[in-house]
Amino acid sequence: MPSCIAWGEEKTQVCSETADQGYNECSQSEDQGYNSCSQTADQGYSECCTWWPCSWGCKALVWVSNVVCVAWTWVSNIVCVAWTWISNVVCVAWTWITTAVCVLWDVVTTIVNAILVTIESIVGWVLSAVAFVVELIEAIPFVGAIIRFIINVVTTIVVMAGSVVDFVLGAIGIRPEKILRVCTVILKDEKGNAVATNEVARQFLQLACDVYKRDANVRIVPSKAFQYNTGFAGAETVDDSWIMVDGSNSDSTLLDVPCGSANSALGLPASGFQLKASTLCFFGAWRRVAGYGAPVTCFIIRDVTDALGCQVMFTDYATIEGSLTWPPPSPRTLGHEVGHACLLRHRCVDEDNANMMGTQDECSPASTTLPDRANPRFSEWQVLVIRASKHVTYF
Ligand SMILES: [Zn+2]
């Protein structure tokens with residue numbers, strides 16, 4: 001079922017639950033109202049004077065105020081019920097409108113994408129050849145990395161500025177499907193052995209595909225030619241065609257890379273990863289340089305020496321610690337690092353231990369709660385940030 005319609009049904013359900021609760025509260029306060037009227041009246045009668053005509057006047061007064069009290073309770077209940085009914089109608093109508101816009105937009109992107117993907121698959125190579133030259137410059141250690149950083153900051157700002165309207169629509173619940181492209185590369189060690197099995201890479205990817213689609217209505221797809229998409233299908237099923245095993249061996253410079261060092265962000269490792277992205281993930285080069293729908297290159301390496309994965313801000317690649325066994329220590333790592341590429345920051349694990357970006361170090365003092373790395377999810381705010389990212393686009 002398309003996510004738009006599934007969400008619409010979910011929201012309609014919430015509308016009707018809210019209405020039921022509203023009607024309950026109305027009838028509860030109505031009962032309470034009648035009770036308190038009659039208690040007040042009883043007390044009033046009992047406190048009346050016993051001699052005529054005082055007793056007569058007193059009882060008449062109590063009787064009248066009781067009638068007013070009952071009438072008032074009755075009217076308040078009518079208003080309460082009417083208000084609940086109207087709120088429910090507005091809630092349902094709004095859900096229909098947002099769902100209709102969402103579905104319509106999915107139809108438009110499906111058609112336009114079919115045309116654009118075909119064109120890109122044919123002429124994208126030419127654009128990427130031009131972009132390849134820029135990427136070669138970006139691969140120069142330090143100087144190139146700084147040039148790349150500047151280009152990426154500028155394109156990030158431009159694309160995010162262009163996403164403002166979409167961000168607002170997303171905030172009010174209109175979230176048609178968007179696309180996030182990935183290119184996944186398993187490195188080979190000095191002896192020519194892949195540092196992770198395809199199965200492990202597939203599982204990393206599948207978890208990310210499922211969570212991004214479920215929480216953000218973002219379809220993760222492989223960055224390759226003739227990749228047609230539609231919002232009317234569920235999350236992609238990852239197969240081996242998504243995964244590339246690097247043809248050449250690497251040494252420790254790229255296999256065992258710390259995350260928190262300037263050298264790995266700007267020096268030889270950065271240069272090596274940039275070159276591999278440019279050559280192995282050549283098809284997406286023009287998008288990487290232009291910044292629109294830039295694919296995220298996911299390198300499965302042997303050891304991220306001070307973490308499980310790494311993503312340097314304003315780069316288009318992430319490194320993920322491979323493992324020859326499943327499950328690895330952190331099945332969510334690829335989805336987590338792609339989240340960083342979409343400018344998500346860490347969250348303290350104590351706020352939500354299942355959050356995709358939850359870490360112990362983000363809490364002060366550091367938390368002792370372990371993140372639930374097997375069943376990650378995104379918060380509403382994170383979803384909006386992801387959808388505004390330059391890696392996440394309609395076309
Ligand atoms: Zn992280």
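FYI, it's all coordinate maths here, none of it is from the lab. Computed from a prediction, not measured in an experiment: that's the story for all the values here. Glycine gets a Cβ as well: all are built from the backbone with ideal geometry, and neighbour counts include every protein chain shown.
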Farthest towards the positive end of the dipole of the chain, among 307, 103, 126 and with Cβ unit charges of +1 on Lys and Arg and -1 on Asp and Glu, lies the Cα of 126
Taking R0 as 30 Å and r as the Cβ-Cβ distance between residue 161 and residue 24, the FRET efficiency 1/(1 + (r/R0)^6), rounded to the nearest 0.05, comes to 0.05
Sparse-neighbourhood loop hits (GluC sites (Glu not before Pro), the stretch 148-200; DSSP loop; Cβ within 10 Å at most 14 others) -> 190
Over 26 Å (Cα to Cα) among 11/390; 224/390; 224/276; 188/224 -> 11/390
For residue 390, the net charge from surrounding residues (Cβ-Cβ under 15 Å; K, R +1; D, E -1) works out to +4
For the chain, the dipole about the Cα centre with charges only on Cβ (Lys and Arg +1, Asp and Glu -1), to the nearest 20 debye, works out at 1020 debye
Computed D for the chain, Stokes-Einstein, Kirkwood radius over alpha-carbon pairs, 25 °C, 0.890 mPa s, to the nearest µm² per second, is 101 µm²/s
Length-normalised contact order of the chain, Cα under 8 Å, at least 6 apart, in percent, tallies to 19 percent
Rounded to one decimal in nm, the spacing of the 7 Å Cα→Cβ label points at residue 46 and residue 76 is 2.3 nm
With Cα springs under 10 Å, the Gaussian network model of the chain assigns the largest mean-square fluctuation among 28, 360, 206 to 28
Scoring the stretch 197-288 by relative contact order with C-alpha pairs under 8 Å, at least six apart, yields a percentage of 27 percent
Counting Lys and Arg as +1 and Asp and Glu as -1 over every other residue whose Cβ sits under 10 Å from the Cβ of residue 80, the net charge comes to -2
Of 182, 101, 123, the most mobile residue in a GNM of the chain (C-alpha springs, cutoff 10 Å) is 123
Which residues qualify? For residue 221, with a placed amide H closer than 5 Å and at least 5 residues away or on another chain, they are 180, 181, 182
Going fewest to most other Cβ atoms within 10 Å around each Cβ, 297, 156 line up as 156, 297
For the chain, the helices passing both cut-offs (Cα extent along own axis of 27 Å or more, Kyte-Doolittle mean at least -0.5, full DSSP H runs) are 54-138, 143-162
Taking Cα pairs closer than 8 Å and at least 6 residues apart, the relative contact order of the stretch 121-233 in percent is 27 percent
The farthest towards the positive end of the charge dipole of the stretch 1-98, of the residues 5, 36, 85, given +1 on Cβ of Lys and Arg and -1 on Cβ of Asp and Glu, is 36
Per the charge dipole of the stretch 255-395 (beta-carbon charges, Lys/Arg positive, Asp/Glu negative, Cα centre), the residue among 341, 284, 363 reaching farthest to the positive end is 284
Candidates 330, 121, 36; GNM for the chain (alpha-carbon contacts under 10 Å) flags as most fluctuating 36
The cysteines in the chain that find no other cysteine Cβ closer than 4.7 Å to their own Cβ are 209, 298, 342
Residues 340, 346, 391 in order from fewest to most other beta-carbon atoms within 10 Å are 346, 340, 391
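Rounded to the nearest 20 Debye, what is the dipole magnitude of the stretch 1-98 about its Cα centre when Lys and Arg each give +1 and Asp and Glu each give -1 at the C-beta?
That gives a dipole near 320 debye.
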